[in-house]
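Since every read-out is calculated from the coordinates, none of them should be taken as a lab result. Predicted, not measured: the structure shown is a model, and the values here were computed from it. Cβ placement follows ideal geometry from the backbone for every residue including glycine, while neighbour counts extend to all protein chains displayed.
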């Protein structure tokens, strides 16, 4: 295990413990000129919005090009909760799979369409339910 210096060792030593060569001269400078204030180019007292970036309004933005949908090849089974029944102290954790993205619509899974799910051991088959079939 390596030993590190405590943070207090990084502090400068008090003036009394410094060597004599480190003391500052206490005599004032005689030929100092008064300081002149010059207006700053990055600040305007009369305009509080000066220097702020202009954000275009959402209506003024050009439309974005259509995004390319990325079809996922893997996902992880997560979990959700069933609410606890009256008299039971804890909710029950259940497996959950969430699929979302533009790729669903590009593959025919439009918003609001009905799905048919076939579940087998280790396999889920999700298909769009054709109209007239159940």
Open item on the list: Under a crude label model (7 Å from the Cα following the beta-carbon direction), how far is residue 97 from residue 36 in nanometres?
Closed with: 7.7 nm
Task: Difference of contour (0.36 nm per residue) and Cα-Cα distance, residue 105 to residue 126 - done: 6.2 nm
TODO: Between residue 115 and residue 88, with labels modelled 7 Å along Cα→Cβ, what's the label distance in nm to one decimal, could you check?
DONE: 2.5 nm
